[in-house]
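Structure record follows, encoded as structure tokens.
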Amino acid sequence: MRNKFPYGISNFLKLMTENYVFVDKSKYIEILENLSSQYHFLLRPRRFGKSLFISMLTYYYGIEHKDKFETLFGELYIGKNPTPKASSYLVLNFEFSRIDTTDFQSTFNGFLSNVKLGFQDFFNKYNDYFSPENIQEILAKTDPNEVFKAFSVACKQRKTPPIYLLIDEYDHFANEIIAFNFNEFSNIVSRNGFVRKFYESIKTATMDGVVDRMFVTGVTPITLDSLTSGFNISTDLTMHQFFNEAMGFVLEEVEELVGIACQQQDCDKERIFKDLKEWYNGYLFNYKSQKRIYNSDMVLYFLNKLQESKEYPDDLLDTNIASDYGKIKRFFNLKNPEQNYTVLDKLLSEGEITSEIIAKFSFEREFTRADFISLLYYMGFISIKETKGTLFVLRMPNYVIQSLYFDFFAEIVAKRAEVYSLGTESLQEAMLALMFEGDFALFSQEVQTILQKLSNRDAMQFSEKHLKMVIFTLLNLNKTYYIKSEYETQKKYVDILLLERNPFKVNFQYALELKYLPKEKAEKREEVKKEAISQLKGYLQREELRELQNLKSFILLVVGDELEVIEVL
């Protein structure tokens, strides 16, 4: 039985021949092949299984793997329901990560190098179809466009079998550039840029019958304008209802994986399902779809650790991929930072935002609020909650993404409060007192210090929602607690709940109710305090909260920039 979790592995052959667990997505090969269109691209956030899907297509369609078909696909849906075009193509693979994007020339050279690497691999597999002179002439070209043109000419001359072109991470290098140097990005993807010219040569190859099918993956549509202008016969499957579940995992698949992880140990499966849903689920790529998607890489990371150590991982997000998601900081400075920060403020304070989703960007026009929100959507930092007419209500999909936002917001708060960092030794001591002594005093001092510093700045028009954002941010800097915001108990909401999080043990958990009054309304202090105490006492009667062990409850009342802490017993 397959029982190893393929965390970080995207080679289909390795998975199928070395006893790794494989979540069968092969039915989408049949769906793809039955579409009337033949040239497709599909966007998904980082670490969502795109490269593995590309690898599966490579082994399914490559004529050189025909003798291994039963071994690789026999137990899968597509092996039991093979399509007419199985094992009938020469497969050409391109992948556009690992490009030095320091400047235009390094980017051009890196793009050209990756194109040639794809062709070198192709010729190693299919050298019988080409003469040495063909190969030498193709690889001697010094422009990506010319390389592909020469290849297309050779294929027509040699009358090769049809080509299936697979491109992985088509936009990786462009995403790197746009975050650092927008003008350089514009030159690369402009009407006369080498990216557009490259895709124009691919389009010519499809018209000549050389490239029969194409499948492209990436994260964002920021270079789709170049791709689709040069290759305007492609079909975008990103928000297609049939492909909502093509990558990532659905609940039933996660349940099966948890079962495998728990075969050799006693697991609280119900608790694991609940935690995985809150931490890694929440993605939706078509508003009509009924199933939300888990980030597959994050789930495999968690289950791999659970299987190895028989306990939860210390970090909810693997440090090896945290940098991928940390790039959110760069994008808030893109084009119109002030506009972008209003989006951040709304997401953190209200939890959702309404916008259209832009299918294709053109950086020859103004970069709008909808463009920026759409960019966050494609990168997986927000996802679809529901629709309102033609607009989408978008929210942070899960706790891990929410935590990343507050990590970023901590830097903004520190800058506004004119401190070097919020992660100070005093804050660490305050959190230790919270966790193990039940003492809220040191933490309240940290909050008071930040509030007084912020009160001197005009950058933040303070309100109760901003108070909550600051306190949540300070708490989030220590990853011991599971911090719930607006925790619902029978349609009533606790502002902040601090819950024990596996594998860490703490002596105390907390329910916090927040209230804010501007200084000019200080006369309402006692009225608001009384109301808050009544509210929190009502929450504490709920069964969900009564079951929590060692729960301490506090009102945090801020009047102007003065914090008062009231314990509710």
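The values are calculated or read from the model by the stated rules, or taken from the named source; none is laboratory data. Keep in mind the model is a prediction, meaning the values are calculated, not measured. As a convention, Cβ positions derive from the backbone with ideal geometry for all residues, glycine included, and neighbour counts pool all protein chains shown.
Mind checking which residues of region 341-376 are over 18 Å from the mean Cα position of the chain (by Cα), among the polar types (S, T, N, Q) and under 17 Å from Ile222 (Cα atoms)? Passing the criteria: Ser362, Thr368.
For (1) among the basic types (Lys, Arg); (2) over 30 Å from Leu237 (Cα atoms); (3) within 15 Å of the chain's Cα centre (by Cα), each residue gets a yes or a no:
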position: Glu255; (1), (2), (3): no, no, no
position: Ile260; (1), (2), (3): no, yes, no
position: Asn286; (1), (2), (3): no, no, no
position: Ser296; (1), (2), (3): no, no, yes
position: Phe302; (1), (2), (3): no, no, no
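Of everything in region 420-452 that is among the β-branched types (Val, Ile, Thr) and more than 30 Å from the chain's Cα centre (by Cα), the residue that is surrounded by the most Cβ atoms within 10 Å (Cβ to Cβ) is Ile450.
Would you mind finding the one in Asn81, Asn114 that is in contact with a Phe, Trp or Tyr (Cβ under 8 Å, 6 or more places away or on another chain) and either in contact (Cβ under 8 Å) with a residue 12 or more places away in the chain or among the aliphatic types (A, V, I, L, M) (or both)?
Working: Asn81 fails: in contact with a Phe, Trp or Tyr (Cβ under 8 Å, 6 or more places away or on another chain).
Among Asn81, Asn114, only Asn114 is in contact with a Phe, Trp or Tyr (Cβ under 8 Å, 6 or more places away or on another chain) and either in contact (Cβ under 8 Å) with a residue 12 or more places away in the chain or among the aliphatic types (A, V, I, L, M) (or both).
Quick check on Glu437: is it modelled with pLDDT of 90 or more and not assigned by TED's automatic domain parsing to the domain that holds Glu352? Spell out how you get there, then give the answer.
On the way: modelled with pLDDT of 90 or more: yes; not assigned by TED's automatic domain parsing to the domain that holds Glu352: yes.
The answer is yes for Glu437.
The set of residues in region 1-24 being part of a loop (DSSP other than H, G, I, E, B) and either under 12 Å from Phe73 (Cβ atoms) or of a type in the set (Phe, Trp, Tyr) (or both) consists of Phe5, Tyr7, Phe22, Asp24.
The set of residues from region 46-82 being crowded, with 17+ Cβ neighbours inside 10 Å, of a type in the set (Gly, Ala, Ser) and farther than 24 Å from Asn320 by Cα comprises Gly62, Gly79. For region 291-309, which positions are farther than 17 Å from Asp324 by Cα and charged (D, E, K, R)? Lys291, Arg292, Lys305, Glu308, listed by residue number.
Among the residues of region 34-58, write down those that are assigned to a loop (DSSP other than H, G, I, E, B) and touching a residue at least 24 places away in the same chain (Cβ under 8 Å).
Going residue by residue through region 34-58, those that are assigned to a loop (DSSP other than H, G, I, E, B) are 35-38, 44-49.
Listed by number, the residues that qualify are Leu35, Ser37, Gln38, Arg44, Pro45, Arg46, Arg47, Phe48, Gly49.
Restricting to region 376-402, and then to whatever is assigned to a helix (DSSP H, G or I) and among the β-branched types (Val, Ile, Thr), can you tell me which residue is surrounded by the fewest Cβ atoms within 10 Å (Cβ to Cβ)?
Within region 376-402, the subset assigned to a helix (DSSP H, G or I) is 376-379, 399-402.
Applying the additional criterion that residues be among the β-branched types (Val, Ile, Thr) yields 400-401.
Details: Val400: 19, Ile401: 25.
Looking at the filtered set, the residue picked out is Val400.
If the condition is being acidic (Asp, Glu) and modelled with pLDDT of 95 or more, then region 240-274 contributes Glu245, Glu252, Glu253, Glu255, Glu256. Scanning region 84-109 for residues that are at pLDDT 95 or above and surrounded by 15 or more Cβ atoms within 10 Å (Cβ to Cβ) gives Lys85, Ala86, Ser87, Ser88, Tyr89, Leu90, Val91, Leu92, Asn93, Phe94, Glu95.
Here Ile31 does not fit the description of being surrounded by fewer than 21 Cβ atoms within 10 Å (Cβ to Cβ), β-branched (Val, Ile, Thr) and not in a helix (DSSP H, G or I).
Residue pairs whose Cβ atoms lie under 7 Å apart, sitting 6 or more positions apart in sequence or on different chains, and linking a residue in region 195-219 that is over 20 Å from Asp236 (Cβ atoms) to a partner that is hydrophobic (A, V, I, L, M, F, W, C), are Ser201/Phe148; Ala205/Phe148; Ala205/Val211; Val210/Cys155; Val210/Ile163. Scanning region 418-435 for residues that are touching a helix residue (DSSP H, G or I) at 6+ places or on another chain (Cβ under 7 Å), within 16 Å of Asn476 (Cβ to Cβ) and in a loop (DSSP other than H, G, I, E, B) yields Ser421, Leu422. Listed by first and then second residue, the pairs with beta-carbon distance under 7 Å, at least 6 apart or on different chains, first residue in region 530-550 and assigned by TED's automatic domain parsing to the domain that holds Lys505, second in a loop (DSSP other than H, G, I, E, B), are Arg542/Gln490; Asn550/Asn507; Asn550/Phe508. Residue check: Asp121 meets all listed conditions (1) more than 20 Å from Ser51 (Cβ to Cβ); (2) in contact (Cβ under 8 Å) with a residue 24 or more places away in the chain; (3) within 35 Å of the chain's Cα centre (by Cα) but one, namely (1).
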